[in-house]
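What follows is a short report on a single structure.
Throughout, read-outs are computed from the coordinates displayed, never taken from laboratory work. Owing to the predicted nature of the structure, the values given are computational and were not obtained by experimental measurement. As a convention, Cβ positions derive from the backbone with ideal geometry for all residues, glycine included, and neighbour counts pool all protein chains shown.
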Amino acid sequence: MRSHHCNQLRESHVGETVTLIGWVNSARDHGGVIFIDLRDREGLTQCVFHPEENPEVAKLSHTLREEDVVQVTGVVSKRLEGTTNDRIGTGAIEITAKQLNIVNKADVLPFQLDKELSNEDIRMKYRYLDLRRPRMNKNIRLRSVITSAARRFLDESGFYEIETPILSNPTPEGARDFLVPSRLNPGRFYALPQAPQQYKQLMMVAGLEKYYQIARCFRDEDLRADRQPEFTQIDLEASFVNQDDIIALVEGLLASMFKTGLGLDVPTPFPRMTYQDAMDIYGSDKPDTRYDIKITDLGDVFAATEFKIFRGTLDSGGVVRAINAKGFACVTTGQMNRLNEIAIQAGLPVKTLAFIKKENGEFKSPLWKFFTDAEKDALVAKMNIEEGDIVFFGAGARDTVSTILGRVRTECADMLELTKDSKAYNFLWVVDFPLLAHDEETGEWVAVHHPFTRPNAEDVAKLEAGDYANVRACAYDVVLNGYELGGGSIRIHEKDLQAKMFEVLGVGPEEQEIKFGHILDAFRFGAPPHGGLALGLDRIAMLAAGEDSIREVIAFPKNNKGADLMAHSPCQIDFKQLREVYVQSTWKDPKAAAPAAAPQ
Ligand code: ASP
């Protein structure tokens, strides 16, 4: 249907007769001469219809509207001086149209494609139009490019691409499962995989050695800008590897994706940080290191303090720490309220954050008067408090203080727009995660990563001794600019250790047999040491594209209620179809006057 695409013709083609097909991006009438910009996914080409040269065709061109699909045959001509457009690749030429075939007329569009739309619902309802915009087109293309770079890298590294079942069993990845009733097995359900974790480990037992998959994962959880109910992982697993092997592999993989996608040279190896340092210094297990605000411990500054709150905290084993938001003494009341709100959500037990700011050479703070001169001097020196700075304090349990100051840190950075024009890609690894966390609500121990993660060899004795809080995991997360790109671990490959781990997690022998019998069994038959990781492809594409929501890099995403507004999913299923799969809905519309009678 075409001889060239719309971003192909250059001055070297002048004189050639060509055929293009695409959408009318815009149509302009300049004194009877019609100019259209013809668009396909590659770009734009200007086509000109001269009434004196070709009256029939020019007449037809008058009827063109935006987004009509047309096929144009004509001669490539050099644009007149002063009319070239160096913002587009084809800007030096235009097509002098000889034939016009209107392939399909477009109705008036629900929104203009060349304007940003704040109403996301409309964009989602007409996603197929939304995706025609150059920005979206570019995002989808970038995603494709980096996905194929990943495939190429892993293929060349000896990995097999292997699919795993979508209809599978509940998996302990920490979210709710999506369930699918089985018609052939009345009363039974499949669960959609939260991750192909157990299958990939079983592949290692099967001797496949190196596996990857661009895997769709499903998690029924509350949605945010960087979460979708279904999302895509670059999932991988390898045998006979240690943590350094996986880390080096993934660094190479990410570097090749960013090089291919953005032409970016990502320096490797990435810095590594222990989980404890990440929490202590940045208050986050996915620190954004593009800005230099760090949490500083003030235990030495206030070692002898008589200020009641700090004294009490330090005496009871807590910490006093602070961050310096440089230049933010100008914080507005509204911003301060927001910071307080965030701190309270993060666990601040009082209503306002303690702070000190320096303005016009004076220190302003509700706390200042409680400090001795020596404490003041030591504090100013340690926190490097200069004119225009504001320091926020946290006092209490170490983890809580980290979380509060970590959240305040990122919020201040947002308010100060510290990363707005940043071109930095700060990759790093967080290692030495704890294996287990204590769930205060249920009183149970839960896996920080998942139950298949290997305890650090040095800490196995602690696991045996019940000192669960201090067992480190052979687990690692890769982080970019404050986002967790992916995580993984070296796995348990011994039946007894795996059974011990389940026991610690409160999964008794019977439940182990029912839920995990297959993997425990597999470990009896010569399971190789193995480990792996999964990268969130949506997040990687989002960051590479410079977007702040993964919805901008997914062709057909769900909204934050898990709905597809275009295809109207999820939808109601009629009674007959439900009956076929032996499912009865217990849901009742609270607004309905009376419950509908069930059909006989
Ligand atoms: N299955 C894990 C996850 O989805 C990743 C891994 O351990 O490889 O987070």
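Assorted remarks:
- Once the Kirkwood radius over Cα pairs is known for the range 14-91, the Stokes-Einstein relation at 25 °C and 0.890 mPa s delivers a diffusion coefficient of 190 µm²/s.
- With the Kirkwood sum run over all distinct C-alpha pairs, the range 202-261 has a hydrodynamic radius of 13.7 Å.
- Taken over the alpha carbons of the range 135-294 as equal point scatterers, the Debye sum produces base-10 log I(q)/I(0) values at 0.13, 0.14, 0.20 Å⁻¹ of -0.84, -0.97, -1.42.
- Relative contact order, percent, the range 185-263 [alpha-carbon distance under 8 Å, six or more residues apart]: 27
- Shown here are the Rg and Dmax of the Cα trace of the range 352-432, at 15.5, 45 Å.
- Sequence-distant lysines (8 or more away, or on other chains) whose Cα lies within less than 29 Å of K294: K286, K308, K326, K351, K357, K358, K364, K369, K376, K382, K420, K423
- C-alpha center-to-center spacing [the range 194-255, the range 49-106] in angstrom: 49
- Rg/Rh, computed from the Cα trace of the range 89-219 with Rh as the Kirkwood radius, has the value 1.15.
- Dipole magnitude for the range 52-144: about 500 debye, using +1 per Lys or Arg Cβ and -1 per Asp or Glu Cβ, origin at the Cα centre.
- Residue (of N560, L533, F575) at the positive-pole extreme of the range 513-600, dipole from beta-carbon charges: F575
- Note on the range 47-143: Kirkwood hydrodynamic radius from all Cα pairs is 15.9 Å, rounded to one decimal.
- Ordered from longest to shortest, the equivalent ellipsoid semi-axes for the range 271-322 are 27, 11, 8 Å, each the square root of 5 times a Cα gyration tensor eigenvalue.
- Listed peptides 60-66, 180-186, 435-441, 278-284 by packing density, highest first (mean Cβ within 10 Å): 278-284, 60-66, 435-441, 180-186
- Length gained on full extension, R216 to A424: 72.0 nm, using 0.36 nm per residue less the C-alpha separation.
- The lysines whose alpha-carbon is closer than 28 Å to the alpha-carbon of K105, local same-chain residues fewer than 8 away aside, are K59, K115, K125, K138.
- Compactness relative to 2.2 N^0.38 Å, alpha carbon Rg of the range 244-357: 1.46
- Computed from point charges on the beta carbon alone (+1 for Lys and Arg, -1 for Asp and Glu), the dipole magnitude for the range 518-581 about its Cα centre is near 220 Debye.
- In angstrom, the C-alpha Rg and Dmax of the range 337-483 are 19.8, 59.
- Restricting the range 395-462 to chymotrypsin sites (Phe, Trp or Tyr not before Pro) in coil, as DSSP defines it, with at most 15 other Cβ within 10 Å: none
- Per-selection metrics, the chain (Cα): Rg and Dmax in Å: 30.2, 94
- Neighbourhood charge, 12 Å Cβ-Cβ cut-off, centred on L223 and excluding it, Lys, Arg +1 and Asp, Glu -1: +1
- Rounded to the nearest whole Hz, the Karplus-based 3J(HN,Hα) values (6.51 cos²θ - 1.76 cosθ + 1.60, θ = phi - 60°) of the range 529-536 follow the sequence x, 7, x, x, 5, 10, 9, x, with x at glycine and proline.
- Semi-axes of the equivalent ellipsoid for the range 501-600, Cα gyration tensor, largest first, Å: 38, 31, 13
- Remark on A473: its backbone amide H falls under 5 Å from those of F433, L435, N456, a criterion applied only to residues 5 or more positions apart or on other chains, H modelled at 1.01 Å from N.
- Within the shell defined by Cβ-Cβ distances under 12 Å, the residues around Y582 carry a net charge of +2, with Lys and Arg each +1 and Asp and Glu each -1.
- Residue among S239, T19, S182 farthest towards the positive dipole end of the chain, charges placed on Cβ: T19
- Taken along the Cα-to-beta-carbon direction at a fixed 7 Å, the label points for V14 and E464 span 8.4 nm.
- Using the alpha carbons alone, the radius of gyration of the range 407-526 stands to its Kirkwood radius in an Rg to Rh ratio of 1.11.
- Counted as membrane-span-like here are DSSP H helices of the chain whose alpha-carbon atoms extend 24 Å or more along the helix's own axis and whose Kyte-Doolittle mean is 0.5 or above; these are 243-262.
- Helical content of the chain, expressed as a calculated mean residue ellipticity at 222 nm, amounts to -8500 deg cm²/dmol (DSSP H runs of 4 or more residues, -39,500 (n - 2.57) each, divided by residue number, nearest 500).
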